[in-house]
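The values are calculated or read from the model by the stated rules, or taken from the named source; none is laboratory data. The model shown is predicted, which means the values in this text are computed figures rather than measured ones. Heads up, the Cβs are rebuilt from the backbone with ideal geometry, glycines too, and the neighbour counts pull from every protein chain shown. Heavy atoms of the whole protein, side chains included, go into the accessibility calculation; ligands, DNA and RNA do not. Shrake-Rupley method; radii C 1.70, N 1.55, O 1.52, S 1.80 Å.
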Amino acid sequence: MRLFFLLFPVIGTTLAGIGMVVALTAGLDTTKPIVLSAAIGAVVGLVVTWMVARKLAAN
């Protein structure tokens, strides 16, 4: 669990930023699509962080 909390700030922020860049390059430059894409990226970051932490802890 501790590993999860160490990894999430890096992975979650990166995926939220990628979501924002995708929204902006798609021409969605209002507040709602940008915030929504960042939130989706953060949720995906939670799942990815959980999987990575579980794999690292197994080794």
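Might you let me know whether the stretch 46-58 holds any residue that is surrounded by fewer than 13 Cβ atoms within 10 Å (Cβ to Cβ), at pLDDT 95 or above, assigned to a helix (DSSP H, G or I) and within 9 Å of the chain's Cα centre (by Cα)? Yes, the stretch 46-58 has at least one match. For the stretch 1-11, filtering for residues that are among the aromatic types (Phe, Trp, Tyr) and open to solvent by 40 Å² or more (accessible area, probe 1.4 Å) leaves 2. Residue pairs whose Cβ atoms lie under 7 Å apart, separated by 6 or more positions or on different chains, with the first residue in the stretch 1-17 and more than 17 Å from Val43 (Cβ to Cβ) and the second open to solvent by 70 Å² or more (accessible area, probe 1.4 Å), are Leu3/Leu56; Leu3/Ala57. Considering only residues in the stretch 12-34 that are hydrophobic (A, V, I, L, M, F, W, C) and open to solvent by 80 Å² or more (accessible area, probe 1.4 Å), the one that is farthest from Met51 (Cα to Cα) turns out to be Leu28.
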